[in-house]
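See structure below.
The values are calculated or read from the model by the stated rules, or taken from the named source; none is laboratory data. Since we're looking at a predicted model, the values are computed, not measured. Note: ideal-geometry Cβ built from the backbone for every residue, glycine included; neighbour counts use all protein chains shown.
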Amino acid sequence: MCCLLLAAVMIAAAFGGCAGKKAEISTGSIGVEKDEEFGNVYISPSIDEFNAMGFSFGDSVDITFDNGENFKDIPYYSGYYVPVGEMLLCGYPGYPHPVIARNYGAGTWEEFGMTGSSSVTITLNAAGKYKDVQELFALSYSDDRNDFTSDVIFANFRVIKGEGLKENMFYRSASPCDDQHCRAAYANRLCEEAGIRFVINLSDNEEKYASYVAAEGFASQYYDSLYREGNVLLLALNANYRSEAFAKSVSEALLAMTELDGPCLIHCVEGKDRTGFVCALLLALSGSSAESIIDDYMITYDNYYNVNKADKPEKYEAILGNVYDFLYCMCGAEKGADINTLDLKKGGESYLELGGLNKDEIARIEEYVSVGK
C-alpha cells in the first residue's frame with residue numbers, strides 16, 4: 001500500500017514552538033486504497049495507528065484529497081452514526097483501516113476520483129466535538145461464542161415473522177460461509193437444521209466465496225452443497241439500498257427465489273443492515289405492519305449488543321432511524337414522515353418496479369411470500 005505518512009503530530013512552523021500554542025494533529029499526506037467490498041476510501045494507517053496519532057472517536061476532522069477535494073468538520077466515529085448519505089470517517093471494529101464513506105451511500109472511491117497513487121491529509125478540526133453522539137451510538141460485540149447464551153443468538157439466526165408472511169419460510173442470519181466473525185459454522189449448522197434450500201447472499205462474489213472454501217478449517221459443508229446445486233445467489237452488494245443497482249439485484253433475486261421451494265435464507269456478513277433492508281422489503285410485500293418490520297430489525301441489536309427498548313431505551317430510539325429510512329426509501333417518503341401513514345405494501349411494489357420488474361413478476365413474488373396466496 002502506498003504510504004506517504006509524514007508525521008503523527010506536526011507543529012506549524014509559524015508557531016515556532018512557543019509555549020501556549022497547540023500542536024496541529026495531522027496525518028500529513030498519506031496513501032489510500034480501495035475498500036473492495038463497498039467501494040469506499042481506506043486511509044493507509046490502521047485504526048490503532050491513526051488513533052495513536054492523537055485522533056479519537058468523536059472528533060471532528062478536516063479531509064483534503066490531493067486532487068483538491070476538501071471537506072471540513074467531518075465526524076470520526078467507530079460506526080456509521082450519521083444520517084443516510086452523509087459523510088464520515090469511520091473506524092469500524094474489524095476494518096483494517098479507517099474508511100472515508102457515506103452512510104448507506106455510493107462508494108467514495110469513484111465519487112472522489114481516487115487512483116492507486118492518490119493521497120489524502122486528515123487534520124483535527126475540533127477534539128471531541130461529536131463525543132456525545134459517539135457515546136450514544138457506540139456499539140461493539142464479541143466474536144466469542146461463550147459470551148452468548150445460545151448458538152441462535154450468536155449466529156443472529158432466526159425466522160422472519162410478520163402478520164402477512166408465510167410461517168417458517170424465510171430466515172435471516174450472519175454469514176454461514178464468511179467466518180471473519182467466527183459465526184459461519186454455527187450459522188451453517190442452523191441452516192441445515194432449518195432445512196434451508198435457497199440462499200440470497202448479499203455480500204459475496206465468486207472470488208470471495210472461493211477463498212472461504214479454500215481456507216483452512218472451512219466448516220460450512222451444508223452451505224457449500226447448496227452452492228454447488230446452484231441454490232445460492234451471490235449478489236456482492238454494497239449498502240446503498242437507495243441505488244438502482246441495489247434495487248435491480250435484489251428484485252431479480254427475489255424473482256429467482258420464486259422458482260424454488262423454500263425455506264429461504266437471506267444474509268450478508270453480520271445479517272444486520274443489507275439483510276435488514278431485504279427482510280423489511282419481504283415483510284412489506286406480504287402486508288406486514290411497520291411494527292413487525294421494526295421488531296425484526298431490532299432483534300439483531302439485541303442479539304449482538306443487548307440493545308432493546310426496555311434496557312437501553314436511548315440507544316434503541318437512536319438506532320430506529322436506520323429502519324425508518326428503509327421504509328422512507330421504499331415509499332418515496334420524506335425523512336420524518338409518520339411511518340404509520342405509509343402504504344408499505346405499495347412502497348415495496350414501487351421498489352421492485354425501480355428494480356425493473358413488471359406487475360406480473362411483482363404479483364408472483366407477493367404470492368410466494370404471503371400467507372393464503
Next item on the list: Could you tell me whether S175 is hydroxyl-bearing (S, T, Y), under 12 Å from L265 (Cβ atoms), in contact (Cβ under 8 Å) with a residue 40 or more places away in the chain and assigned by TED's automatic domain parsing to the domain that holds L281?
Entry: yes
Next item on the list: Pull up the range 310-332, narrow it to residues that are acidic (D, E) and in a helix (DSSP H, G or I), then point me to the one that is farthest from V84 (Cα to Cα).
Entry: E314
Item checked: Residue ID - nearest to V133 (Cα to Cα), chosen from residues in the range 300-331 that are among the hydrophobic types (A, V, I, L, M, F, W, C) and surrounded by 18 or more Cβ atoms within 10 Å (Cβ to Cβ) -> I319
Item checked: Matching option when the condition is crowded, with 19+ Cβ neighbours inside 10 Å and within 18 Å of K161 (Cα to Cα), among L352, L282 -> L282
Notebook entry, point to check: Which condition does V232 not pass, out of (1) of a type in the set (A, V, I, L, M); (2) touching a strand residue (DSSP E or B) at 6+ places or on another chain (Cβ under 8 Å); (3) within 23 Å of Y95 (Cβ to Cβ), if it passes all the others?
Noted result: (3)
Check: Is it true that some residue in the range 65-73 is in contact (Cβ under 8 Å) with a residue 40 or more places away in the chain and surrounded by 20 or more Cβ atoms within 10 Å (Cβ to Cβ)?
Finding: no
Check: Out of (1) farther than 25 Å from A247 by Cβ; (2) surrounded by fewer than 16 Cβ atoms within 10 Å (Cβ to Cβ), the odd one out for N188 is which?
Finding: (2)
Next item on the list: Among the residues of the range 32-69, count how many are at pLDDT below 95 and in a strand (DSSP E or B).
Entry: 1
Note to self: For the range 251-263, which positions are of a type outside the set (S, T, Y) and surrounded by fewer than 24 Cβ atoms within 10 Å (Cβ to Cβ)?
What the structure shows: E252, A253, L255, A256, M257, E259, L260, D261, G262, P263
Margin query: Quick check on the range 296-319: of everything there that is without any contact (Cβ under 8 Å) to a residue 40 or more places away in the chain and closer than 23 Å to G164 by Cβ, which residue is farthest from the chain's Cα centre (by Cα)?
Written below: M298
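Pick from E361, E334, E366: which is of a type in the set (D, E), crowded, with 16+ Cβ neighbours inside 10 Å and over 15 Å from G287 (Cα atoms)?
Criteria check complete, one pass: E361.
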Next item on the list: For the range 335-367, enumerate the residues that are among the charged types (D, E, K, R) and closer than 27 Å to V307 by Cα.
Entry: K335, D338
Margin query: Every residue in the range 202-217 that is within 25 Å of M169 (Cβ to Cβ) and in contact with an Asp or Glu (Cβ under 9 Å, 6 or more places away or on another chain), please.
Written below: S203, D204, Y209
Next item on the list: List the helices (runs of 4 or more DSSP H) that sit entirely inside the range 240-306 and contain at least 3 residues that are among the charged types (D, E, K, R).
Entry: 244-257, 290-305
Item checked: Which numbered condition S289 misses (of (1) closer than 21 Å to K359 by Cα; (2) among the small types (G, A, S); (3) more than 20 Å from the chain's Cα centre (by Cα)) -> (1)
Checklist line | Residue among Y223, Y227 that alone is assigned by TED's automatic domain parsing to the domain that holds Y351 and crowded, with 24+ Cβ neighbours inside 10 Å | finding: Y223
